[in-house]
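No lab work stands behind these numbers, since they all come straight from the coordinates. All values reported here derive from a predicted model rather than from experimental measurement. All Cβ positions, glycine included, derive from the backbone under ideal geometry; neighbour counts span all protein chains shown.
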Amino acid sequence: MSSETTAKPNPRPLEIPAPLGEPRTDAVRRLLAIVDRLRAPDGCPWDREQTAKSVAPHLVEEAHEVVDAVESKTDADVIEESGDLLMGICLLARIQEQAGKFSLADIANAVSEKLVRRHPHVFGDVTVGSAEQALDNWERIKRTEREEKKTDSSAIAGVPAAMPALQRAQRVGQKAMSAGFRWTNATDALAKVGEEVSELTEVFERTGESPDDAARAELEWELGDVLLAAAFLGNYLKIDPERATREALRRFERRFRAVEGEFGGAVGGQALDALMAAWARAKAAESSRPESHGR
């Protein structure tokens with residue numbers, strides 16, 4: 001879809017919530033006061049010892065816990081895990097503020113300015129016709145910003161290398177699609193998955209069940225292409241491959257535990273036919289499976 005835009009005569013002004021008396025503002029102010037107290041000279045020894053580098057891994061863990069809560073738990077769990085993540089951000093900001101580097105105000109102002117700048121269809125005189133067009137414009141603005149900063153201005157730049165592989169594949173694929181590098185439709189994207197599976201099959205049939213190191217490297221190459229093509233297909237189907245894999249893993253875990261239950265907690269030594277029959281019963285017992293799923 002084209003990223004061209006048209007002028008909008010009366011852009012909506014930015015509304016700033018009241019600094020006091022607004023529930024969200026007051027709640028965040030209370031959290032900041034608690035974090036400041038924890039980092040005070042007579043505060044919590046553990047919190048006082050933390051550094052930006054020691055806090056960073058906890059943020060990754062807390063972010064994953066938020067995702068897990070959103071996908072499979074209750075609203076109360078989402079509130080709790082989101083609170084842990086928010087607290088971690090506040091703690092990181094306080095650590096850096098005490099080191100004379102930056103504060104939560106700098107973080108909030110930077111992201112606010114970026115959001116306003118990258119949403120000209122909300123805060124400016126631009127109109128977009130769809131969510132896809134809004135995303136295209138977002139990526140175009142980001143590329144312009146990188147060019148101005150003389151950083152990597154590739155259309156696929158800016159995706160952290162440390163992201164989970166499927167999630168990173170999704171984002172790189174989205175960026176490439178927004179730049180115009182895309183299949184005509186999902187059918188073609190699915191055909192690419194089939195092509196990569198065929199190439200993996202050819203290598204597997206040639207190398208056999210016990211590949212040497214060179215053959216294993218070739219298999220790894222082809223398997224990587226299959227997984228990447230499948231992740232890219234998710235973009236055409238509007239399916240998050242990371243989430244789809246997590247859901248598939250949850251299904252596997254439920255079914256495997258059910259199979260274990262049939263055999264008294266251990267599957268070792270059981271005949272394959274018996275295990276597969278127990279697996280089929282575990283699948284049939286799941287009432288939440290979409291009707292269109294035949295596996």
>> I'd like to compare 109-117, 250-258: which one has the highest average count of other Cβ atoms within 10 Å, and what's the full order after that?
In response: 250-258, 109-117
> Based on DSSP H runs of at least 4 residues, each adding -39500 (n - 2.57), what is the mean residue ellipticity at 222 nm of the chain after dividing by all its residues, to the nearest 500 deg cm²/dmol?
Replying inline: -22500 deg cm²/dmol
>> Run the numbers for ARG254 and LEU223: contour at 0.36 nm per residue of separation, minus the present Cα-Cα distance, in nm.
In response: 8.6 nm
> At q = 0.15 Å⁻¹, what base-10 log of I(q)/I(0) does the Debye formula yield for the chain when every alpha carbon is treated as an equal point scatterer in vacuo?
Replying inline: -1.41
> Modelled label-to-label distance, MET163 and ASP36, 7 Å Cα→beta-carbon offset: nm?
Replying inline: 3.6
>> With the crude spin-label approximation of a point 7 Å out along Cα→Cβ, what separation in nm comes out for ALA191 versus VAL70?
In response: 3.5
>> Report the rotationally averaged projected area of the stretch 23-116 based on its alpha-carbon convex hull, in square nanometres.
In response: 7.1
> In nanometres, what is the gap between the two model label sites at ASP84 and ILE107, each 7 Å from Cα along Cα-to-Cβ?
Replying inline: 1.7
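Determine by what factor the alpha-carbon radius of gyration of the stretch 158-238 differs from 2.2 N^0.38 Å, reporting the quotient.
Its radius of gyration relative to the 2.2 N^0.38 Å reference: 1.23.
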> Given a Förster radius of 35 Å and the C-beta distance between PHE263 and LEU59 as r, what FRET efficiency does 1/(1 + (r/R0)^6) yield to the nearest 0.05?
Replying inline: 0.30
>> Just to check I understand the Karplus step: with θ = phi - 60° and J = 6.51 cos²θ - 1.76 cosθ + 1.60, what whole-Hz values come out for the stretch 198-214, glycine and proline as x?
In response: 4, 5, 5, 4, 4, 5, 4, 5, 7, 8, x, 6, 10, x, 7, 4, 5
> Across the stretch 104-210, how many lysine pairs, 8 or more apart or on two chains, come within less than 24 Å at their alpha-carbon atoms?
Replying inline: 9
>> Using each residue's phi in the stretch 272-281, evaluate 6.51 cos²θ - 1.76 cosθ + 1.60 at θ = phi - 60° and report the 3J(HN,Hα) Karplus result to the nearest Hz, with x for Gly and Pro.
In response: 4, 4, 5, 5, 5, 5, 5, 4, 4, 5
